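Undergrad: Here's a structure for you.
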Ligand SMILES: [Zn+2]
């Protein structure tokens, strides 16, 4: 057993219980045995948490790991301009590039306090090899719990969509490959390290038939559904013109509202759309840094939460948000909410809830992840908050959210360390960096 003591423990349970100078006991089965005040008298390997805050591991609910290979491009573009600049480059992706990008992206996420991440991969070049297997291998090496989605695009420019012809797939082939990914990888067990979701890309890159049949497929197989929705004004205009309705009305029409669905962004939502998401239990992956980088607007997170919508945080792809640091996203979420509605509208503990239990709800893992309670999986982070950047901020949760990104002293996934004293356990950061540099160079030189 691992016993963390003398730490400030923020459990993020329903009551928001915290212990100043508390303990967390992790069992050999990878689940939490006990959480409480003071010390534990159970025997085990003791970790001193003096000067640290222990929280549930952060859950990343939206990402495109392959984009680590195309950071720093189209820096001043809107979403549609950014996409049309990058699609031709992404058309050259292969398994080696995606594996290197995923290693870098997931390594960086782990160092930022993330213990569970999804990935939304939707570019499958014909001769690119097995890109999904490449990123799954990277996740195994880093040690994060992984929810890759089998994405897809089948609506190209010649049919009225945004992507060029050579980056889209045939509808039936995309559906068959998605089901094959479920067969090969999806683990439905409560302590799963790997779960697949079904994720056609967006209204402007996917046909109505693919959206409808993807929903049927996911429900037949008992897996979750994910897509981009209501990210920009351009998308809203596209939906009004093509479908005669708003993005959320379109989602409802194609069977895409429900408590097995979570949507990336949800920026442009009116009151009735928010009410529909709440009534159906449809989740939202809030990506405030990406929305700021692309200037798409600020999601109405206060209203989403007040309507009962499950809201998690996402860093989004590293090409639309070069920081890609989930710990830093806590502060960005708080700042974004306060820019809209003032400092009393959203607090540090709500930001932490979005990053933990909110994300777990989006991924359907709230029974096992997202809070520190006996019986739940021991996915947790011990943040060091007694250095120059945080010393003097007595409220430890405020220090984490309002202060600079904190060093991760220890990150556990199912009780196994993936970060120790600010270093990755399963990989060497210099090697990940060199691999990512090579992948970027090879991709850019090929175009
Ligand atoms: Zn995205």
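The values are calculated or read from the model by the stated rules, or taken from the named source; none is laboratory data. In this text, all values refer to a predicted model and were calculated from it rather than measured experimentally. Cβ sites come from the backbone with ideal geometry, for glycine too, and all protein chains shown count toward neighbours.
Undergrad: Being assigned by TED's automatic domain parsing to the domain that holds residue 182, over 17 Å from residue 83 (Cβ atoms) and within 16 Å of the ligand (Cβ to nearest atom) is the requirement here; does residue 266 meet it? I'd like the intermediate steps shown before the answer.
TA: Details: assigned by TED's automatic domain parsing to the domain that holds residue 182: yes; over 17 Å from residue 83 (Cβ atoms): yes; within 16 Å of the ligand (Cβ to nearest atom): yes.
Considered against the rule, which asks whether it is assigned by TED's automatic domain parsing to the domain that holds residue 182, over 17 Å from residue 83 (Cβ atoms) and within 16 Å of the ligand (Cβ to nearest atom), residue 266 comes out as yes.
Undergrad: Looking at residue 289, is it more than 11 Å from the ligand (Cβ to nearest atom), more than 26 Å from residue 255 (Cβ to Cβ) and crowded, with 24+ Cβ neighbours inside 10 Å?
TA: Numbers: more than 11 Å from the ligand (Cβ to nearest atom): yes; more than 26 Å from residue 255 (Cβ to Cβ): yes; crowded, with 24+ Cβ neighbours inside 10 Å: yes.
Taking the combined requirement at face value, the residue satisfies it.
Undergrad: Looking at 188, 203, which one is part of a loop (DSSP other than H, G, I, E, B), free of Cβ contacts under 8 Å to residues at least 40 places away in the same chain and within 24 Å of residue 60 (Cα to Cα)?
TA: On the way: 203 fails: free of Cβ contacts under 8 Å to residues at least 40 places away in the same chain.
That would be 188, the only listed residue that is part of a loop (DSSP other than H, G, I, E, B), free of Cβ contacts under 8 Å to residues at least 40 places away in the same chain and within 24 Å of residue 60 (Cα to Cα).
So that you can scan it fast, the table gives a plain yes or no per residue for (1) touching a strand residue (DSSP E or B) at 6+ places or on another chain (Cβ under 7 Å); (2) in the same structural domain as residue 330 (by TED's automatic domain parsing); (3) within 22 Å of residue 205 (Cα to Cα); (4) not in a loop (DSSP other than H, G, I, E, B):
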residue	(1), (2), (3), (4)
93	no, yes, yes, no
109	yes, yes, no, yes
115	yes, yes, no, yes
118	yes, yes, yes, yes
126	no, yes, yes, no
146	yes, yes, no, yes
150	yes, yes, yes, yes
155	no, yes, yes, no
162	no, yes, yes, no
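Undergrad: Turning to a different aspect of this structure: Determine which member of the set 160, 143 is closer than 26 Å to residue 372 by Cα and touching a residue at least 40 places away in the same chain (Cβ under 8 Å). Step through it out loud before you land on a result.
TA: On the way: 160 fails: closer than 26 Å to residue 372 by Cα.
After applying the criteria, what remains is 143.
Undergrad: Still on this structure, I have one more. Which pairs turn up if I take residues in region 229-242 that are over 11 Å from residue 296 (Cα atoms) and in the same structural domain as residue 211 (by TED's automatic domain parsing) and look for partners that are within 16 Å of the ligand (Cβ to nearest atom) and in a loop (DSSP other than H, G, I, E, B) with beta carbon separation below 6 Å, at least 6 apart in sequence or on another chain?
TA: The qualifying pairs are 236/268; 238/204; 239/203.
Undergrad: What single numbered condition from (1) away from the ligand (no atom under 16 Å from the Cβ); (2) assigned by TED's automatic domain parsing to the domain that holds residue 290; (3) surrounded by fewer than 22 Cβ atoms within 10 Å (Cβ to Cβ) fails to hold for residue 389?
TA: (2)
Undergrad: I've got another one for you. Consider region 205-222. How many of its residues are surrounded by fewer than 23 Cβ atoms within 10 Å (Cβ to Cβ) and in contact with a helix residue (DSSP H, G or I) (Cβ under 7 Å, 6 or more places away or on another chain)?
TA: So the answer is 5.
Undergrad: Oh, and also: Does residue 196 satisfy being modelled with pLDDT of 95 or more, closer than 25 Å to residue 366 by Cα and either surrounded by fewer than 19 Cβ atoms within 10 Å (Cβ to Cβ) or in contact with a helix residue (DSSP H, G or I) (Cβ under 6 Å, 6 or more places away or on another chain) (or both)?
TA: Numbers: modelled with pLDDT of 95 or more: yes; closer than 25 Å to residue 366 by Cα: yes; either surrounded by fewer than 19 Cβ atoms within 10 Å (Cβ to Cβ) or in contact with a helix residue (DSSP H, G or I) (Cβ under 6 Å, 6 or more places away or on another chain) (or both): yes.
Criteria met by residue 196.
Undergrad: Something else: I'd like to verify a number: residues in region 313-364 that are away from the ligand (no atom under 16 Å from the Cβ), in a loop (DSSP other than H, G, I, E, B) and in contact with a strand residue (DSSP E or B) (Cβ under 7 Å, 6 or more places away or on another chain), how many?
TA: 1
Undergrad: Consider region 49-77. How many of its residues are more than 15 Å from the ligand (Cβ to nearest atom) and more than 19 Å from residue 264 (Cα to Cα)?
TA: The total comes to 14.
Undergrad: Counting just the residues of region 119-147 that are within 16 Å of the ligand (Cβ to nearest atom) and over 23 Å from residue 162 (Cβ atoms), which one comes out nearest to the chain's Cα centre (by Cα)?
TA: For region 119-147, the residue satisfying everything is 147.
Undergrad: Exactly one of these conditions fails for residue 303: (1) away from the ligand (no atom under 15 Å from the Cβ); (2) touching a strand residue (DSSP E or B) at 6+ places or on another chain (Cβ under 9 Å). Give me its number.
TA: Single failed check for residue 303: (2).
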